[in-house]
Amino acid sequence: MQRGVLLALLLVAACAGANGQACLQQGISLLSDCRAEQDYITKSFPLNSATSLSDQQAQNILSAAPTGLPSAKCCTSATKFAGPPAQCQCDKQLLAVLPSVQVSPQGLAGVLKFISVSCKFDVPACP
């Protein structure tokens, strides 16, 4: 089964709280709207990384990115996923499910960092 489909199914199962419905919708949008960005960044930074993506790594990846990455659609989806009020990257249920599809919290944070730097938005710190 394709990772995106499996992750979407796990998002459905994981997101049942008050924030869950918003995270479910935003997570599915993020997966579909940022597919090319995920494919690109995973060539340099694995989604199951045990370490965080440094600012320098993010800049290096960004400077080598093909024209058009990230797309405006991906920027919008990532902002809705990571920004207030949803802050889905902080959802404990979601973070607990990610390793089952070979995505670490650091991997998710790395993809969001790449997208946020290039889309010029800040990913808020988790409470």
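The values are calculated or read from the model by the stated rules, or taken from the named source; none is laboratory data. Remember, predicted model here, so these are calculated numbers, not experimental data. A quick note on method: Cβ atoms are made from the backbone with ideal geometry, for glycine too, and the neighbour counts reach across all protein chains shown. All accessible areas refer to the heavy atoms of the entire protein, side chains included, with ligands and DNA or RNA removed. Shrake-Rupley method; radii C 1.70, N 1.55, O 1.52, S 1.80 Å.
With respect to the numbered conditions (1) open to solvent by 20 Å² or more (accessible area, probe 1.4 Å); (2) in contact (Cβ under 8 Å) with a residue 40 or more places away in the chain; (3) touching a Pro at 6+ places or on another chain (Cβ under 9 Å); (4) among the aliphatic types (A, V, I, L, M), which one is the sole condition not fulfilled by Leu95?
Evaluating Leu95 over (1) open to solvent by 20 Å² or more (accessible area, probe 1.4 Å); (2) in contact (Cβ under 8 Å) with a residue 40 or more places away in the chain; (3) touching a Pro at 6+ places or on another chain (Cβ under 9 Å); (4) among the aliphatic types (A, V, I, L, M) leaves (2) as the failure.
Residue check, Leu112 against (1) open to solvent by less than 20 Å² (accessible area, probe 1.4 Å); (2) closer than 19 Å to Lys43 by Cβ; (3) in contact (Cβ under 8 Å) with a residue 40 or more places away in the chain, all met but one. Which one?
So the condition that Leu112 fails would be (3).
Kindly indicate whether any position in region 42-60 is part of a helix (DSSP H, G or I) and of a type in the set (Val, Ile, Thr). Explain how you work it out, then say what you get.
Taking region 42-60 first, the residues part of a helix (DSSP H, G or I) are 55-60.
Applying the additional criterion that residues be of a type in the set (Val, Ile, Thr) yields none.
No - not one qualifying residue is present in region 42-60.
Name the residues in region 87-104 that are closer than 19 Å to Ala22 by Cβ, assigned to a helix (DSSP H, G or I) and not charged (D, E, K, R), would you?
Step one: list which residues in region 87-104 are closer than 19 Å to Ala22 by Cβ, which gives 87-98.
If we keep only those that are assigned to a helix (DSSP H, G or I) too, we end up with 88-90, 92-98.
Across region 87-104, the qualifying residues are Cys88, Gln89, Cys90, Gln93, Leu94, Leu95, Ala96, Val97, Leu98.
Results for (1) part of a helix (DSSP H, G or I); (2) loosely packed, with under 13 Cβ neighbours inside 10 Å; (3) free of Cβ contacts under 8 Å to residues at least 40 places away in the same chain; (4) touching a strand residue (DSSP E or B) at 6+ places or on another chain (Cβ under 8 Å), shown as yes or no for each residue.
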site	(1), (2), (3), (4)
Gln26	yes, no, no, no
Phe81	yes, no, no, no
Pro85	no, yes, no, no
Asp122	no, yes, yes, no
Cys126	no, yes, yes, no
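Are there any pairs, at least 6 apart or on different chains, whose C-beta atoms fall under 8 Å, with the first in region 49-76 and open to solvent by less than 30 Å² (accessible area, probe 1.4 Å) and at pLDDT below 90 and the second outside any loop (DSSP other than H, G, I, E, B) and not aromatic (Phe, Trp, Tyr), and if so, which?
That search, which allows pairs on different chains as well, returns Ala58/Gly110; Ala58/Lys113; Ala58/Val117.
Given (1) open to solvent by 70 Å² or more (accessible area, probe 1.4 Å); (2) part of a helix (DSSP H, G or I); (3) within 15 Å of Cys119 (Cα to Cα), where does Ser32 come up short, assuming only one miss?
Checking Ser32 against (1) open to solvent by 70 Å² or more (accessible area, probe 1.4 Å); (2) part of a helix (DSSP H, G or I); (3) within 15 Å of Cys119 (Cα to Cα), the one that fails is (3).
State which residue is nearest to Phe121 (Cα to Cα) when the search covers only region 61-74 and only residues that are part of a loop (DSSP other than H, G, I, E, B) and of a type in the set (A, V, I, L, M).
Of the residues in region 61-74, the ones part of a loop (DSSP other than H, G, I, E, B) are 64-71.
So of that shortlist, the ones also of a type in the set (A, V, I, L, M) come out as 64-65, 69.
Values: Ala64: 20, Ala65: 18, Leu69: 15 Å.
Checking each candidate, the answer is Leu69.
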